[in-house]
Structures are given as structure tokens and as C-alpha cells.
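Notes follow once the structure below has been shown.
Where a number appears in this text, it was derived from the coordinates with a stated rule and is not lab data. Small disclaimer: the values here were computed from a predicted structure and weren't measured. FYI the Cβ positions are ideal-geometry reconstructions off the backbone, even for glycines, and counts take in every protein chain you see.
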Amino acid sequence: MRGISFQINGCGHKNILRTILSEIEIEKLWWHISEDEIYNEMDESLLENRYINGETFLKIIKEKSYSVIFANIKAYPPNSTPNDIENYDDFIKSECKLVILCSDVFYYEIYAKNDWMIEIIKNNAIKNNFSNIEYITNENDCRTGFSVI
């Protein structure tokens, strides 16, 4: 299993990243934002820093109301250096633990090295009535690059 994909329904999720990552220890990871259009209610960019600690990331995605237009966000263990991850093979070779790809507001693909992270995210998707929930496997993964722009 490589990851999970799903579609959120409507624009009613004010903290969608917190919803998706609920029950994952966000604060124990460092977060690298390599591509994004994530805006708060005043149309200001939400994630201005490109590599932030987990406590700061959690505070931002938990307390603010925002819209994710597209995003490429990666989670790393502390004291790691984020690197370019162009595709799934790069992901597997890297220290990166989790990749969140959002495109066109509603479509999410999340890759994780640990099956338990995928299961947590799947349960969050089910609990929040997301649609088209599907595991990403070697057989059905059509993504050739880890980019959303």
C-alpha cells in the first residue's frame, strides 16, 4: 500500500488539513511546504514559512479557517533536511514520512511509509463523509510526479 486518495465534499471544511491529519502526531514532525495556494479568510497566504516545526504547523492548521486550493506538503522527522521528491521512488528513498497532495480544492492523494498512518487518514475520511476513498497501490497508482501545479 502506497497511500490513500479521496475527494472532500463541498467547501465546508474550515480546517481540512487538521481534519485529515487528526490523530497523527503532527507536532512530532517537521513540515515542508513546497507548493501551495492556501488562504485564510482574508485571502492571505496561510503558510508563509516553507519548513516549519510540528507545533507551529499544528497551531496554524487547527486554529485558523482556510481554503486549500492546491498543496504539496511533506512531513519529515526532526533534524532532517527536506529534499526534492519528484516521484514515488524518490519518496521511498528519502527520510520523508508523509506526502499530502491536494489539487483543485477537492482532490487529495496522501502517501505514507507507514500503513497505520494510511489507516488513520482513511478512518478520518470515512468519519467526515469524504467520497471516492481508495487505497493507492502499486497496481493503481497513475501519478508520475509529486507535483500539483
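Which shape class applies to the range 25-66: rounded if a/c is under 1.5, otherwise prolate when a/b exceeds b/c and oblate if not, where a ≥ b ≥ c are the square roots of the Cα gyration tensor eigenvalues? Taking the square roots of the gyration eigenvalues as a ≥ b ≥ c, the range 25-66 is oblate. In units of the rule-of-thumb radius 2.2 N^0.38 Å, the chain shows an alpha carbon radius of gyration of 0.95. Note that the range 108-113 has calculated 3J(HN,Hα) couplings of 10, 10, 10, 10, 9, 7 Hz, one per residue in order, obtained from phi through the Karplus relation 6.51 cos²θ - 1.76 cosθ + 1.60 (θ = phi - 60°); glycine and proline are x.
The residue list 60, 92, 42 was ranked by how far each Cα lies along the charge dipole of the range 40-140 toward its positive end, using unit charges on Cβ atoms, and 60 comes out on top. Close amide H contacts of residue 46 (hydrogens built in the peptide plane, cut-off under 5 Å, sequence separation of 5 or more or a different chain): 38, 39, 40. Partners of residue 64 within straight-line reach, counting lysines whose Cα lies under 28 Å from its Cα and excluding those fewer than 8 residues away in the same chain: 14, 28, 74, 97, 122, 127.
The length gained on full extension between residue 43 and residue 1, counted as 0.36 nm times the residue separation minus their Cα-Cα distance, comes to 11.5 nm.
Taking Cβ atoms as reference points and 12 Å as the exclusive limit, the residues near residue 32 contribute a net charge of -1, counting Lys and Arg as +1 and Asp and Glu as -1. Sort the range 5-93 into rounded, prolate or oblate with this rule: let a ≥ b ≥ c be the square roots of the eigenvalues of the Cα gyration tensor; rounded if a/c is under 1.5, and if a/c is not under 1.5, prolate when a/b is larger than b/c, oblate otherwise. Verdict is prolate for the range 5-93. The 3J(HN,Hα) values that the Karplus relation (6.51, -1.76, 1.60; θ = phi - 60°) gives for the range 83-99 are, in residue order, 10, 5, 10, 8, 7, 4, 4, 4, 4, 4, 7, 8, 7, 4, 9, 8, 10 Hz. Gly and Pro appear as x.
Summarising the amide proton neighbourhood of residue 30: residues at separation of 5 or more, or on other chains, whose placed amide H is nearer than 5 Å comprise 76.
Rounded to the nearest 20 debye, the dipole size of the chain about its Cα centre is 420 debye, using +1 on the Cβ of Lys and Arg and -1 on the Cβ of Asp and Glu. Of all DSSP beta bridges confined to the range 8-130, the antiparallel ones make up roughly 100%. Counting charges near residue 97 (Lys, Arg +1; Asp, Glu -1) among other residues having Cβ under 12 Å from its Cβ returns a value of +1. Karplus-derived 3J(HN,Hα) values for the range 37-44, using 6.51 cos²θ - 1.76 cosθ + 1.60 with θ = phi - 60°, are 9, 10, 10, 7, 5, 9, 6, 9 Hz; glycine and proline are entered as x.
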